[in-house]
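What follows is a set of notes on a single structure, which appears directly below.
Readers should treat all values here as calculations from the given coordinates under stated rules, not as data from a laboratory. Remember, predicted model here, so these are calculated numbers, not experimental data. Please note: Cβ atoms are built from the backbone with ideal geometry, for glycine as well, and neighbour counts cover all protein chains shown.
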Amino acid sequence: MMDVALESTASEAVVAAPPAAPSALRERARSVTRAVARTVLPPLLGLAVFLAAWSLVAASIETSIGAVPGPRAVWDAAGALVEEHARERTKAVEFEARQAERKEAFLREQPGEPWIERQYAGKPTYLDQIVTSLKTVFAGFVLASLVAVPLGILCGSIPLVQSALGPFIQIFRPVSPLAWLPIVMILVSALYTPEEAWFEKSFVSSAITVALCSLWPALINTSLGVASVDRDHLNVARVLRLGWWTKVTKIIVPSALPLIFTGLRLSLGVGWMVLIAAEMLSQNPGLGKFVWDMFQNGSSQTLSMILVAVFTIGFIGCLLDRAMVALERLVTYGGAGAR
Amino acid sequence: MAFLEAQSVCKSYGALSVLQDVDLAIDRGELVAIVGASGSGKTTLLSLLAGLALPDRGRVLLDGHHVREPGPDRAVVFQNYSLLPWLTVWDNVSLAVDNVFRDWPKARKREQTERHLELVHLLPARDKRPGELSGGMRQRVSLARALAMDPQVLLLDEPLGALDALTRATMQTEIERIWQQDRKTVVLITNDVDESILLADRILPLTGGPGASLGPAVAVDLARPRDRRAVNHDPRFKRIRREVFDRLRAGQEWTRRKSA
């Protein structure tokens with residue numbers, strides 16, 4: 001956010017600079033410098049203090065599996081993970097090439113015979129695991145939104161539904177993902193037995209657990225937003241005798257949209273947090289499983305690998321939140337607070 | 001028989017009696033102002049006429065039919081405009097037109113929307129959102145929306161209350177002009193006695209809530225269109241003004257004695 005603002009002032013300055021007199025130019029350069037100092041320096045300073053403190057603490061703690069890694073070690077571990085990914089990709093490409101060669105040769109020698117295609121069986125790399133995690137959280141989040149938003153609209157607009165669902169919301173909302181997960185896994189094992197599995201069972205269990213836990217903020221905020229729609233706007237709907245659907249789409253949803261989005265944002269945040277725990281236990285091949293596997297193998301790399309995961313999780317969580325904010329700006333009307 | 005009638009209507013919120021035995025009879029094509037101090041139950045009375053609230057006792061009749069719910073035949077211009085901020089000016093009006101005249105062909109609905117935006121001189125602002133408009137412009141959109149429903153009765157709830165004096169004066173002229181064009185039955189709620197004299201055929205003082213009731217009407221026999229400056233020096237204007245104030249004050253004293 002701050003960076004964006006900074007960029008725009010900087011670029012304006014550059015565009016407008018040429019015809020200006022030297023003193024004005026100096027003045028403008030100074031104001032740009034000031035803006036840079038205000039927006040860039042404090043975070044950099046914070047980062048420096050953080051890294052220094054981390055290095056100090058890390059150097060002074062010895063664990064059963066070696067020293068706590070400092071920033072440098074974690075950085076190297078991240079680099080190693082990316083390199084490993086690149087290596088795996090090359091191997092996969094080479095495998096495909098070899099297979100294509102073999103197929104050609106096979107068909108040349110025995111035309112018309114069936115050729116069995118083989119999948120490359122390399123293990124998922126760290127980046128693959130990130131992608132899996134994102135897919136899972138997305139699936140769970142979409143599932144939660146599809147349930148929470150309509151239900152929230154019902155809750156907010158019909159007091160009867162509100163009082164009927166209220167106790168359930170109160171009771172289920174504080175339940176931890178760790179309690180849901182075993183139930184979900186057992187149910188998924190029992191019920192999810194398709195002929196052709198599009199998704200892994202572990203994926204389905206994780207996504208459902210994410211959905212169960214991230215349902216509540218969206219549900220509560222949606223129903224709050226719907227319940228606090230301006231009375232006058234509802235009176236307009238009554239005078240016009242709007243049908244239920246028109247009332248919902250033209251008045252209730254647009255007016256509750258800011259709170260719906262707040263709810264969805266919180267939901268996505270909760271979902272992302274829950275996901276890691278769900279993946280650890282359900283062995284869904286994402287970031288959670290990565291952390292768990294690293295913990296289990298207990299090598300000298302364990303701590304730095306897990307720290308890489310921690311930073312990745314934080315970074316992605318932050319990006320997801322920003323993405324939701326951007327999306328909200330896109331869909332809600334501009335004149336906030338206007339009647 | 002009167003066109004819009006309230007027959008000994010009572011309304012209370014909890015233990016607080018807001019309206020006590022209000023009788024009201026308005027003829028077709030009349031512009032009646034209901035004047036009262038703030039908190040005297042004006043808006044409650046308007047809600048009852050609109051059907052947005054139901055009376056505890058008594059009843060409201062429109063053209064002989066019992067009013068039980070709100071409907072587009074009694075268009076309301078709300079005090080705070082009540083435009084939908086996420087819709088453009090055009091969409092705010094056309095939302096009303098599309099819903100009231102569901103079986104009209106598209107072109108006719110569009111024409112209806114356009115004509116009423118033209119009527120309030122806001123066609124150029126059709127793609128703006130309410131947030132980008134001044135108070136006066138918003139109230140004109142609200143008025144256009146109400147008129148576009150082609151209601152039998154137009155209920156104006158302190159429509160100019162939130163506007164500055166200058167805009168207010170312009171809007172008063174505007175309302176008179178529009179009313180003279182199509183002579184709808186209009187009920188104007190206001191706390192401004194001068195405004196009511198400028199606009200109304202008859203003034204009904206709503207006296208002293210809680211437990212307010214309507215005092216005897218004051219007829220305004222000034223020729224239209226009424227020029228605000230000329231009217232100020234008209235002895236009839238001064239007489240009417242005094243009369244309205246006297247009735248409001250008398251009513252207040254009467255309520256005070258009643259509750260004492």
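For this structure, a couple of remarks:
- Using a cutoff of 8 angstrom between alpha carbon atoms and counting only pairs six or more residues apart, the relative contact order for the range B:74-150 works out to 50 percent.
- When you filter the trypsin sites (Lys or Arg not before Pro) in the range B:1-101 for DSSP loop state and at most 11 other Cβ atoms inside 10 Å of their Cβ, you are left with B:68.
- Rounded to 0.05, the FRET efficiency of the residue A:158 and residue A:123 pair, given R0 = 56 Å and the Cβ-Cβ distance, is 0.65.
- Shape summary: chain A maps onto an equivalent ellipsoid whose semi-axes, from the alpha-carbon gyration tensor, are 41, 36, 25 Å in decreasing order.
- Subtracting the Cα-Cα distance of residue B:250 and residue B:182 from 0.36 nm times their residue separation leaves 20.9 nm of extension gain.
- Spacing of the two label points (7 Å from each Cα toward its C-beta) at residue A:131 and residue A:193, in nm: 3.2
- Overall, the range B:74-150 carries a charge dipole of about 60 debye about its Cα centre when +1 sits on the Cβ of Lys and Arg and -1 on the Cβ of Asp and Glu, all other atoms neutral.
- Taking chymotrypsin sites (Phe, Trp or Tyr not before Pro) across the range A:76-138, the ones in a DSSP loop with at most 15 further Cβ atoms lying within 10 angstrom of their Cβ are A:115, A:120.
- In order along the range B:33-38, the phi-based Karplus estimate (6.51 cos²θ - 1.76 cosθ + 1.60, θ = phi - 60°) of 3J(HN,Hα) comes to 9, 9, 10, x, 5, 5 Hz; Gly and Pro are listed as x.
- Placing a label point 7 Å from the Cα of residue A:299 along the Cα-to-Cβ line, the residues of the range A:71-85 whose backbone N sits under 17 Å from it are A:73-85.
- Around residue A:103: net Lys/Arg minus Asp/Glu count, Cβ-Cβ under 13 Å: -2
- Size descriptors for the protein assembly as shown: radius of gyration and Dmax over Cα atoms are 35.1, 117 Å.
- Difference of contour (0.36 nm per residue) and Cα-Cα distance, residue A:116 to residue A:24: 25.8 nm
- Residue A:103 paired with residue A:230, simple spin-label distance in nm, labels 7 Å along Cα-to-beta-carbon: 6.2
- Inter-chain shielding of B:76-83 (mean C-beta neighbours from other protein chains, 10 Å cut-off): 4
- Distance between the pseudo-spin-label points of residue A:62 and residue A:138 (7 Å out from Cα toward the beta carbon): 4.7 nm.
- Reciprocal mean inverse distance between Cα atoms of chain B - Kirkwood radius, Å: 18.9
- Expressed as a fraction of 2.2 N^0.38 Å, the C-alpha radius of gyration for the range B:1-124 is 1.25.
- Residue order for B:94, B:142, fewest other beta carbons within 10 angstrom first, comes to B:94, B:142.
- Proximal aspartates and glutamates to residue A:103, defined as alpha-carbon separation beneath 15 angstrom and excluding residues fewer than eight positions away on the same chain: A:94, A:113, A:117
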